[in-house]
Amino acid sequence: MIPGPFDYHRPASVGDAVKLLADLGDEARPLAGGHSLLPMMKLRLATPAHLIDLHGIAGLKGICRDGDRIVIGAMTTQAELLASAEIGERLPILHETALLIADPQVRYRGTLGGNVANGDPGNDMPALMLALDASYRLEGPNGAREVAAREFYQGAYFTALEPGEILTGISIPVPPAGHGYAYEKLKRKVGDYATAAAGVVLTMAGGKVASCVITLTNLHETPLLATDAANAVIGTTLDDAALKAAASAARAIMQPASDARGPAEYRIHVGGIMVMRALQRAASRAS
Amino acid sequence: MNDMTPTREQREAALEGMGCRRKRVEDIRFTQGKGNYVDDVKLPGMLHGDFVRSPHAHARVKAIHTEEALKVPGVLAVITAETLKTVNLAWMPTLAGDVQMVLADGKVLFQNQEVAFVVATDRYAADDGVSKVVVEYEPLPVLVDPFKAMDPDAPVLREDLAGKTVGAHGPRKHHNHIFEWSVGDKELTDAAFKKAEVTIKEMISYHRTHPSPLETCQCVCAFDKIKGELTIWGTFQAPHVIRTVVSLIAKIPEQKIHVIAPDIGGGFGNKVGAYPGYICAAVASIVTGKPVKWVEDRIENLTATAFARDYHMTTEIAATKDGKVTGLRVHVLADHGGFDACADPSKWPAGFFNIVTGSYDFPVAHLSVDGVYTNKAPGGVAYRCSFRVTEAAYCIERAMDILAQKLGMDPAELRLKNFVKPEQFPYHSALGWEYDSGDYHTAMRKMMEAVDYAGLRKEQAEKRAAFKRGETREIMGIGVSFFTEIVGAGPSKNCDILGIAMFDSCEIRLHPTGAGIARMGTKSQGQGHETTWAQIIASEIGIPADNIMVEEGNTDTAPYGLGTYGSRSTPVAGAAIAMAARKIKAKAQMIAAYKLEVHEDDLEWDIDGFRVKGLPEKVMSMKDICWAAYNSVPPGMEPGLEAVSYYDPPNMTYPFGAYLCVMDIDVDTGVYKVRRFYALDDCGTRINPMIIEGQIHGGLTEAFAIAMGQEIRYDSEGNVVTGSFMDFFMPTAVETPHWETDFTVTPSPHHPIGAKGVGESPNVGGVPAFSNAVNDAFAFLGATHIQMPHDYWRNWQAAKNLGVVA
Ligand SMILES: Cc1cc2nc3c(=O)[nH]c(=O)nc-3n(C[C@H](O)[C@H](O)[C@H](O)COP(=O)(O)OP(=O)(O)OC[C@H]3O[C@@H](n4cnc5c(N)ncnc54)[C@H](O)[C@@H]3O)c2cc1C
């Protein structure tokens, strides 16, 4: 539980951080809240020779409205998300989910940027970003680019981030007023990652599902967009048959590992249940 | 004039003696972060040690390369078995009569076994050194399943025992066999089963788990070369035993060893034994001449220092058709891991498992236990229970439910029908114990009334019908548990550790101003001894508890004692405290008689002093007697007021209790909710009700954790898959149910104050209550026994096996 030796850097601007990353290469890692990186370092599963702490960069924090989008700075903590009335009103699913992440201590330090950049299939925020069709702003030695969250995740701990790039902001289109949402997460205890979790954002019209996105956490190497499952409920009243069809379409794309949370068979089974429960709860909230 | 003379009630209350909900005095420092734990010990020039551990569960160690590690800045030494052999310490004796490698000597027998000890100027450098030690292993076939340990072709684990057909506890049947232990009358028991109207048989497993105290095992060893003295600060539940063991194995005269157990952050049995870390830190200090600290991290604690349970109990009950038990037959396969390092009294290889007849009047019983080696960590400690008592309680309480189910009887009724009756005490059990006192029927009925047992069963019947009609996916379970413990080891006639009788001790010294200090051979790890011990003294000799300082844990000052585990502190040291106090009181009476100019027999005790019989205004308070003890004792009497008592208990004590758990389980996810938990405890005389309740809350939380998910699980390669708090279930306040506590009082007839001990009852009685609730929930679907732990996925698995989820 003792990390290996490393040098600590605290740049004051994105430019400096990018330059440090470029100069130091593979041996350097950005440090945000540290609540994924430091545990890995303590187990010596990660042994970066240089930590580039992003806390000194003022521009990376904050939540602002930009037309029909909300832009969140990468270094905004889960606690700050929870404290924001704007998020509570426009993106309430972020509040519901942030409260299911770890415990208050972790939420005070852990950042949204770190959570989505980490690439751990157990992280909860990436599935939301897929559901909300967010995009990430990446800044690197070759300038800035926007990448859709739906294109970002490539494998466990393997993302579209290029060497030397930093994720600086998350831009989320505001879902229509009256949308229904739910994040259903089964976990063994406070502080546990999901055994299975499902996020749903939908709209209803005339008692039927008008639009729907379903995403899944910790049921594959990456967060999943369950398109077939969503299609199975669009146009339905979310009757039993539709729910079951959604669950089985979602289960068809799940490939979780067996672990101490249970064998893969169990995780797939409850993954389907989370989908059904999230759909029902989201529909009950839609107007 | 205002009369300021305190009333009798006020005088009584001022003592804060037995029965008072006195606030814990130690909490003043604990809640302010001012405790003094081993890791707070920082000595000038102190070095830090850390282990290179084996990634393999079973492998030959071909070579250990230390050159690169020694080049790491700050690394001073790398100790291996070869180094230890020069001081004859490569192996150490265990409390169970086996030997254990301190550092891997030729092979490793479990994952994370200690292979080399790196000593450096700070903890970071030590770990950098650890990462640079290169060990060449040749993997060997791994033995994980204890049921395969005695297969003819099972891998040979303990090559050091080659040719040894007799172990510390008799003959060995196989190269992986440790001992066979049996008690009871086999012929009579077999006969009872032959003519039984009804029998049940079930293999009931109590999985491997771990005590996992908040503070891990740790020590600081400081060897003074000039004086030849070794001082050890350590997380020791039994400091005197550690001193003796160190003296015997390190050949240092016992008076030159100073063992200090400062504040301890929980023990639960994990801190009874001796670990390689202690030996290595001591050797490192002797070699370097500097103090050396060793502090385990959480993963090391969970995977390498003493586990608990891992008992596989094939249990049979014989009974009549109307539910009277006529015989009990149990065979246990005990998985001890790579070395037999169980912390039991020396003559008891399976602890007091022969309490397995529980609270029931079995006319005959037979028990046999086979201990085997596997490629797992050693241990087998009593995790918040007297030796193997929680295994026994779980075994019999599950089996009684299984019998009730077979008979179609209510499990509470079956228990009431078979309880040992109040008039049978002292009761001699078929497996050899003498139960001191009990009133089981009263406790059980009080519990049933408090929870409206009949009402719960009615609600359950309705819910079951609704489930069958498809109206709900939730099932309801009611778990009944009625346990009898055996604690307070123990009488010298049957208990010793390495030949030392398991007495305990107290020394009290009163000072002239009516205050004093008391020292015991026990060691609190959170039980609140500083509070409760003073309360016993307060009631016995009338000095306010606040004026008595309690000190434990320093072997230079405390009288010799066997330490704190197995709920032995109150039954044994608690008795010594009362006896020492009574010696003081006897001397105080002589001083008072002299000062009041009456005969001793003319005095009677009155709350906080003596008064002359018939002359209530002629009094001498204990405070005044203390003063007199230092200036005007009767001619011929020595001045001073102090006493020591070493108490050898005549018998164990037998606390008992009635617990009930109500649980709802969602069959689709396996998620459970504990709706209600009621715990009635009878621990005899109650010293501090608030501390008792706190102990019950803590023990129930552990029981909940164990029954519902806490396990040390190995994969088929012998890798620990639950080696951190992410996967080893440690409930937080959010998961922990609400606890309701209650009590009856049946004092122990042989204990000076009638107290029986309580710290461990909730763990012992709680586990079967939870497990019975889960089993009861599934019973109407056709389940007879579902193994623990009952975590979500296993509940779902059970539902699936019973065909109620697709
Ligand atoms: C006990 C515990 C329980 C937890 N439970 C959950 C849970 O249930 N759900 C959940 O989602 N999370 C959970 N977490 C993780 C937590 O949410 C982390 O805070 C989060 O995953 C990472 O965010 P961070 O700010 O701490 O990032 P860090 O740990 O600092 O960084 C994580 C990784 O992302 C990289 N990184 C960070 N920021 C950037 C950036 N701006 N640009 C590029 N790369 C970057 C780092 O180099 C590192 O590789 C838990 C953590 C703990 C300790």
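The values are calculated or read from the model by the stated rules, or taken from the named source; none is laboratory data. Computed from a prediction, not measured in an experiment: that's the story for all the values here. So basically every Cβ, Gly included, is an ideal-geometry build from the backbone, and we count neighbours across all protein chains shown. Just so you know, the surface numbers come from the protein's heavy atoms only, side chains and all, with ligands and any DNA or RNA stripped out. Shrake-Rupley method; radii C 1.70, N 1.55, O 1.52, S 1.80 Å.
B:Thr532 passes all but one of (1) part of a loop (DSSP other than H, G, I, E, B); (2) under 29 Å from B:Val764 (Cα atoms); (3) among the polar types (S, T, N, Q); which number fails?
Going through (1) part of a loop (DSSP other than H, G, I, E, B); (2) under 29 Å from B:Val764 (Cα atoms); (3) among the polar types (S, T, N, Q) one by one, B:Thr532 breaks only (1).
Checking the conditions here, which among A:Pro121, A:Pro126 is buried (at least 24 other Cβ atoms within 10 Å of the Cβ), over 24 Å from A:Arg90 (Cα atoms) and more than 14 Å from chain B (Cβ to nearest Cβ)? First the steps, then the outcome.
Numbers: A:Pro126 fails: over 24 Å from A:Arg90 (Cα atoms).
So the residue among A:Pro121, A:Pro126 that is buried (at least 24 other Cβ atoms within 10 Å of the Cβ), over 24 Å from A:Arg90 (Cα atoms) and more than 14 Å from chain B (Cβ to nearest Cβ) is A:Pro121.
Tell me which strands (runs of 3 or more DSSP E) are completely within segment A:1-92 and hold 1 or more residues being modelled with pLDDT of 95 or more and within 12 Å of the ligand (Cβ to nearest atom), or say none if there are none.
Working: elements: A:7-9, A:28-31, A:50-53, A:63-66, A:69-73.
The qualifying strands (runs of 3 or more DSSP E) are A:28-31, A:50-53, A:69-73.
So, in segment B:634-670, how many residues would count as being open to solvent by 10 Å² or more (accessible area, probe 1.4 Å) and within 14 Å of chain A (Cβ to nearest Cβ)?
2
Which residues, taken from segment A:136-191, are under 30 Å from A:Ile52 (Cα atoms), open to solvent by less than 10 Å² (accessible area, probe 1.4 Å) and away from the ligand (no atom under 13 Å from the Cβ)?
Across segment A:136-191, the qualifying residues are A:Ala149, A:Gly155, A:Ile172.
Go through segment B:268-320 and give me each residue that's of a type in the set (Lys, Arg) and part of a helix (DSSP H, G or I).
Within segment B:268-320, B:Arg298 is the sole residue that qualifies.
For segment B:749-777, which positions are outside any helix (DSSP H, G or I) and either buried (at least 22 other Cβ atoms within 10 Å of the Cβ) or not β-branched (Val, Ile, Thr) (or both)?
B:Pro749, B:His750, B:His751, B:Pro752, B:Gly754, B:Ala755, B:Lys756, B:Gly757, B:Val758, B:Gly759, B:Glu760
Can you give me the number of residues within segment B:490-506 that are open to solvent by 30 Å² or more (accessible area, probe 1.4 Å) and within 20 Å of B:Trp533 (Cβ to Cβ)?
Final tally of qualifying residues: 1.
Of the numbered conditions (1) out of contact with any Cys (no Cβ under 7 Å at 6 or more places or on another chain); (2) away from chain A (no Cβ under 14 Å); (3) open to solvent by less than 20 Å² (accessible area, probe 1.4 Å), B:Phe780 fails exactly one; give the number of that condition.
Failed condition: (3).
Limited to segment B:716-745, what total is found for residues that are out of contact with any helix residue (DSSP H, G or I) (no Cβ under 9 Å at 6 or more places or on another chain) and within 16 Å of B:Asp310 (Cβ to Cβ)?
2
Quick one: which strands (runs of 3 or more DSSP E) sit completely within segment B:48-112 and have at least 1 residues that are within 14 Å of another protein chain (Cβ to nearest Cβ) and crowded, with 21+ Cβ neighbours inside 10 Å?
In segment B:48-112, B:75-79 are the strands (runs of 3 or more DSSP E) which contain 1 or more residues that are within 14 Å of another protein chain (Cβ to nearest Cβ) and crowded, with 21+ Cβ neighbours inside 10 Å.
If you go through segment A:1-30, how many residues are within 14 Å of another protein chain (Cβ to nearest Cβ) and surrounded by 19 or more Cβ atoms within 10 Å (Cβ to Cβ)?
Residues flagged as within 14 Å of another protein chain (Cβ to nearest Cβ) and surrounded by 19 or more Cβ atoms within 10 Å (Cβ to Cβ) within segment A:1-30 amount to 2.
From (1) part of a loop (DSSP other than H, G, I, E, B); (2) open to solvent by 40 Å² or more (accessible area, probe 1.4 Å); (3) free of Cβ contacts under 8 Å to residues at least 40 places away in the same chain; (4) within 14 Å of chain A (Cβ to nearest Cβ), pick out the condition that doesn't hold for B:Lys673.
Exception for B:Lys673: condition (1).
Any residue that is in contact (Cβ under 8 Å) with a residue 40 or more places away in the chain, touching a Lys or Arg at 6+ places or on another chain (Cβ under 7 Å) and within 16 Å of the ligand (Cβ to nearest atom) - is there at least one of those in segment A:196-204?
yes
Out of all the residues in segment A:102-118, which are within 14 Å of another protein chain (Cβ to nearest Cβ) and near the ligand (Cβ under 9 Å from one of its atoms)? Please lay out each step first, then the result.
Residues of segment A:102-118 within 14 Å of another protein chain (Cβ to nearest Cβ): A:102-106.
Within segment A:102-118, A:Ala102, A:Asp103, A:Gln105, A:Val106 qualify.
A quick yes/no check of all residues on (1) more than 30 Å from B:Ala755 (Cα to Cα); (2) of a type in the set (A, V, I, L, M); (3) open to solvent by 30 Å² or more (accessible area, probe 1.4 Å); (4) outside the structural domain of B:Ala576 (by TED's automatic domain parsing):
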| residue | (1), (2), (3), (4) |
| --- | --- |
| B:Trp433 | no, no, no, yes |
| B:Tyr440 | no, no, no, yes |
| B:Met448 | no, yes, yes, yes |
| B:Val451 | no, yes, no, yes |
| B:Glu459 | yes, no, yes, yes |
| B:Arg469 | yes, no, yes, yes |
| B:Thr472 | yes, no, yes, yes |
| B:Ile478 | yes, yes, no, yes |
| B:Ser481 | no, no, no, yes |
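With the condition kept exactly as written, say whether any residue in segment A:87-94 is of a type in the set (Lys, Arg), touching a residue at least 12 places away in the same chain (Cβ under 8 Å), open to solvent by 40 Å² or more (accessible area, probe 1.4 Å) and away from chain B (no Cβ under 14 Å). Quick ask: steps written out before the conclusion?
Initially, segment A:87-94 is screened for residues of a type in the set (Lys, Arg), giving A:90.
Going one step further and asking which of them are touching a residue at least 12 places away in the same chain (Cβ under 8 Å), we end up with A:90.
Narrowing further to those that are open to solvent by 40 Å² or more (accessible area, probe 1.4 Å): A:90.
Remaining after also requiring away from chain B (no Cβ under 14 Å): A:90.
Within segment A:87-94, one or more residues are of a type in the set (Lys, Arg), touching a residue at least 12 places away in the same chain (Cβ under 8 Å), open to solvent by 40 Å² or more (accessible area, probe 1.4 Å) and away from chain B (no Cβ under 14 Å).
Restricting to segment B:132-146, name every residue that is closer than 13 Å to B:Glu68 by Cα and either crowded, with 18+ Cβ neighbours inside 10 Å or modelled with pLDDT under 95 (or both). Let's see the steps before the verdict.
Step one: list which residues in segment B:132-146 are closer than 13 Å to B:Glu68 by Cα, which gives B:132-135.
Correct list: B:Lys132, B:Val133, B:Val135.
On the given criteria, is B:Ala149 surrounded by 22 or more Cβ atoms within 10 Å (Cβ to Cβ), over 26 Å from the mean Cα position of the chain (by Cα) and farther than 21 Å from B:Val99 by Cα?
Against the criterion (surrounded by 22 or more Cβ atoms within 10 Å (Cβ to Cβ), over 26 Å from the mean Cα position of the chain (by Cα) and farther than 21 Å from B:Val99 by Cα), B:Ala149 does not qualify.
Look through segment B:577-619, keep the residues that are buried (at least 22 other Cβ atoms within 10 Å of the Cβ) and touching a Gly at 6+ places or on another chain (Cβ under 8 Å), and return whichever of them is farthest from B:His529 (Cα to Cα).
B:Ala592
Considering only residues that are open to solvent by less than 10 Å² (accessible area, probe 1.4 Å) and more than 9 Å from chain B (Cβ to nearest Cβ), which ones fall in segment A:265-287?
A:Gly271, A:Gly272, A:Val275, A:Ala278, A:Leu279, A:Ala282, listed by residue number.
Looking at (1) out of contact with any helix residue (DSSP H, G or I) (no Cβ under 6 Å at 6 or more places or on another chain); (2) closer than 29 Å to B:Asp666 by Cβ; (3) away from chain A (no Cβ under 14 Å), can you tell me which one B:Pro749 breaks?
Only one criterion in (1) out of contact with any helix residue (DSSP H, G or I) (no Cβ under 6 Å at 6 or more places or on another chain); (2) closer than 29 Å to B:Asp666 by Cβ; (3) away from chain A (no Cβ under 14 Å) is unmet by B:Pro749, namely (2).
Scan (1) surrounded by fewer than 24 Cβ atoms within 10 Å (Cβ to Cβ); (2) within 13 Å of chain B (Cβ to nearest Cβ) for the single condition A:Ala198 breaks and write down its number.
Answer for A:Ala198: the failing condition is (1).
Only one of (1) in contact with a Gly (Cβ under 9 Å, 6 or more places away or on another chain); (2) part of a helix (DSSP H, G or I); (3) polar (S, T, N, Q); (4) open to solvent by 30 Å² or more (accessible area, probe 1.4 Å) fails for B:Thr199. Which number is that?
Of everything listed in (1) in contact with a Gly (Cβ under 9 Å, 6 or more places away or on another chain); (2) part of a helix (DSSP H, G or I); (3) polar (S, T, N, Q); (4) open to solvent by 30 Å² or more (accessible area, probe 1.4 Å), B:Thr199 misses just condition (2).
Could you look through segment A:248-264, keep only residues that are within 9 Å of chain B (Cβ to nearest Cβ) and of a type in the set (D, E, K, R), and pick out the one that is most open to solvent (accessible area, probe 1.4 Å)?
The first filter runs over segment A:248-264 and keeps only residues within 9 Å of chain B (Cβ to nearest Cβ), leaving A:259-263.
Filter once more, keeping what is of a type in the set (D, E, K, R): A:259, A:261.
Details: A:Asp259: 53, A:Arg261: 25 Å².
This residue is A:Asp259.
Is it the case that some residue within segment B:734-757 is closer than 26 Å to B:Glu296 by Cβ and over 22 Å from the mean Cα position of the chain (by Cα)?
Residues of segment B:734-757 that are closer than 26 Å to B:Glu296 by Cβ, as a first pass: B:735-736.
With over 22 Å from the mean Cα position of the chain (by Cα) added as a condition, the list becomes B:735.
There is at least one residue in segment B:734-757 that is closer than 26 Å to B:Glu296 by Cβ and over 22 Å from the mean Cα position of the chain (by Cα).
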